[in-house]
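Before any comments, here is the structure.
Here, each number is a calculation from the coordinates, and none is a lab measurement. What you see is a predicted model, and the numbers here were worked out from it, not measured in a lab.
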Amino acid sequence: MMLLPDTPETASAVGRIIGQAVAPVFLLAGIGAFLNTLTGRLARIVDRGRAIEPLLLESTGADHDRLVREINTVDQRMRLVSSAITWTVASAVLVCAVVVLLFAAALIDLHAGTAIALLFIGAMVSLALGFFIFLIETRVAARAIRVRPALLTHEADEASGDG
């Protein structure tokens, strides 16, 4: 493994490598945007959990039971989003490794095509897992924010003039 000489051909090869690395770099930008979404969502979930805690400590009866269910849902959502973040960060790290190997392979004449392909496959699988876990979390959130039937009935009674 010897470094390639610093020649115009080498500069041209580096230019080609940079061209090849552009797609993974754009992928990293997309992963970063997704991570931003996930961390923002996690922050809102944590805020909701903090808001529920004092209410839970002061509640009794049916309200207490409802708040226990809600704090359990918040905890489940925090775990899901944290897991999605972990898999998405793993994907970003693997994409970075792909870019590094692209450059290393050209600079030191390393035959790393299989390693690059496997790392890229791993990055896509990790990203897919992050997206899938995010989908699950959004489903849990949607189920959790459905309006309680008792509230709907009360609003319907008021609207009809019976309340």
Read phi for every residue in segment 66-81 and hand back ³J(HN,Hα) as whole Hz from Karplus 6.51 cos²θ - 1.76 cosθ + 1.60, θ = phi - 60°, with x for Gly and Pro. 5, 5, 5, 4, 5, 5, 5, 5, 4, 4, 4, 5, 4, 5, 5, 5
Computed over the chain: longest principal axis from alpha-carbon atoms vs helix 113-144 long axis, angle to nearest 10 degrees, is 10
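For the chain, would you read off the P(r) tail past 27 Å as a percentage of all alpha carbon pairs? Working shown, then result.
Numbers: 6696 of 13203 pairs.
Result for the distance tail: 51 percent.
Let me check against my output: what whole-number percent is the relative contact order of the chain, with C-alpha pairs under 8 Å and at least 6 apart?
On the way: 122 pairs, mean separation 48.6, N = 163.
Once divided by the residue count of the chain, the mean separation gives 30 percent.
If you stretched the chain out fully between Val125 and Ala33, how much longer would it get, using 0.36 nm times the residue separation minus the C-alpha to C-alpha distance?
31.3 nm
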Which angle between 0 and 90 degrees, to the nearest 10, do you get for helix 8-58 versus the longest principal axis of the chain when only C-alpha atoms count? 20
